[in-house]
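In what follows, a single structure is set out as C-alpha cells and then discussed.
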Amino acid sequence: MLCERVGEKMNRMKKTRLIVANWKMNPVTFTEAKKIVEATKRAASRARGVSVVVCPPAIYLAALRKGSRAMAFGVQDIGAHEAGAFTGEISAEMARNSGATVAIVGHSERRRLGESNAVVAKKVAAALAAKLTPILCIGENIRDAGGDYLSVVRAQIMEGLAEVSTPLVPKVIIAYEPVWAIGKKAGDAILPADLHEMSIFIKKVIAERIDRAKALNVTILYGGSVEPENAHALLTSGDVDGFLVGHTSLDTTEFPLVIKAAAS
Ligand code: 13P
C-alpha cells in the first residue's frame, strides 16, 4: 500500500527528488541482494524529500519487498503483451501483482538487443495500462559536433510516447541516459551544463505533445556514471528531478551517499 502511494507520489510532487536503482543482472545471490536492499532502506528512511525505488532482477522482487516500506520497487523491463506464448517475458500486470510500481522501459541495454522505438512504445502503453509508472529511457550512443544526437533523442521521445494518450503523457518519467556515459566513472559522466541543455530540449520536445506548462513539469531523470562525487552538481545545475543509477546502486557505501546528496 505504502509502495503504491510512493509510486503515485512521484508524479504528483515535483519537489520530491527521485532516485531509482537499476541493479541490472546483479547480484548473483539473494543474500547479497538482501544486504544491498537493507543499506538502501536505511539511507532512504533518513533522506527527506527523496523517493527511492529499487529495480532488482524480477526474480528477487516479491521477497525483497517484504518489510521494505521506506522505498518502492520496480522492474527493469516488461513484455509488450498482456499474456500468452512469450517465453521468458514478464507482463506489466505480473510485475504490478508482485509489488512493482514502476517499470523501466527501453533501456539502452535492451535497445542494443534489438528493441525498436515501436516496441518501446508498446511497453510504455502496457505499463500505463497496468498502472505502473513507466520510466522511458532515451539517450544517444555518441555526441556528434553537428548535433544529430538531438534528432535521435527527439525520435526516441516522440516514438516512445506514440501510444500514450495526451492526458497520460505527464505520468511517464523520462530517463536521459547517454550511452557513452554508462558504466564508467563520475569524471566520464555528462557535465551539469550539458545536462541542463538536454533537460530543456526534452521538455521542448514533450511540449509538442502536451501543454507547455505540463511539459515543463514532466519528471526527468539522468543516468550514466552517477557517483557520490557528481550527484550534487548534476542535480542542482543539471535541472533534473533525480537519477537512474546503475553500478553505484549496488554499492552499500556509495549508494547511500547518492541518496543523501539528493536529500533536502
Ligand atoms: P551506470 O550508473 O552504471 O553508469 O548505469 C547507468 C544505467 O544504465 C542505469 O540504468
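The values are calculated or read from the model by the stated rules, or taken from the named source; none is laboratory data. All values reported here derive from a predicted model rather than from experimental measurement. All Cβ positions, even for glycine, are placed from backbone atoms using ideal geometry, and neighbour counts span all protein chains on display. These accessible areas exclude ligands, DNA and RNA; they are computed on the full protein's heavy atoms, side chains included. Shrake-Rupley method; radii C 1.70, N 1.55, O 1.52, S 1.80 Å.
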Quick one: which of 249, 225, 264, 237 is under 21 Å from residue 38 (Cα atoms) and either free of Cβ contacts under 8 Å to residues at least 40 places away in the same chain or among the small types (Gly, Ala, Ser) (or both)?
249
Starting from residues that are out of contact with any helix residue (DSSP H, G or I) (no Cβ under 8 Å at 6 or more places or on another chain) and in a loop (DSSP other than H, G, I, E, B), keep the ones in segment 224-250 and report whichever is surrounded by the fewest Cβ atoms within 10 Å (Cβ to Cβ).
246
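Yes/no per residue for (1) more than 14 Å from the chain's Cα centre (by Cα); (2) more than 14 Å from the ligand (Cβ to nearest atom); (3) of a type in the set (A, V, I, L, M); (4) closer than 13 Å to residue 199 by Cβ:
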site: 221; (1), (2), (3), (4): no, no, yes, yes
site: 226; (1), (2), (3), (4): no, no, yes, no
site: 230; (1), (2), (3), (4): yes, no, no, no
site: 235; (1), (2), (3), (4): yes, yes, yes, yes
site: 250; (1), (2), (3), (4): yes, no, yes, no
site: 254; (1), (2), (3), (4): yes, no, no, no
site: 263; (1), (2), (3), (4): yes, yes, yes, no
Total residues in segment 174-211, condition of a type outside the set (A, V, I, L, M, F, W, C), buried (at least 18 other Cβ atoms within 10 Å of the Cβ) and in contact with an Asp or Glu (Cβ under 7 Å, 6 or more places away or on another chain)
2
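Looking only at residues that are at pLDDT 95 or above and charged (D, E, K, R) in segment 66-90, which one is most open to solvent (accessible area, probe 1.4 Å)?
82
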For segment 84-95, does any single residue satisfy the condition of being among the small types (Gly, Ala, Ser) and within 16 Å of the ligand (Cβ to nearest atom)?
no
I'd like the full set of residues that are outside any helix (DSSP H, G or I) and open to solvent by 40 Å² or more (accessible area, probe 1.4 Å), limited to segment 107-155.
112, 113, 114, 116, 131, 141, 142, 143, 144, 145, 146
Taking segment 156-173, which residues are open to solvent by 30 Å² or more (accessible area, probe 1.4 Å), of a type in the set (A, V, I, L, M, F, W, C), within 13 Å of residue 208 (Cβ to Cβ) and in a helix (DSSP H, G or I)?
158
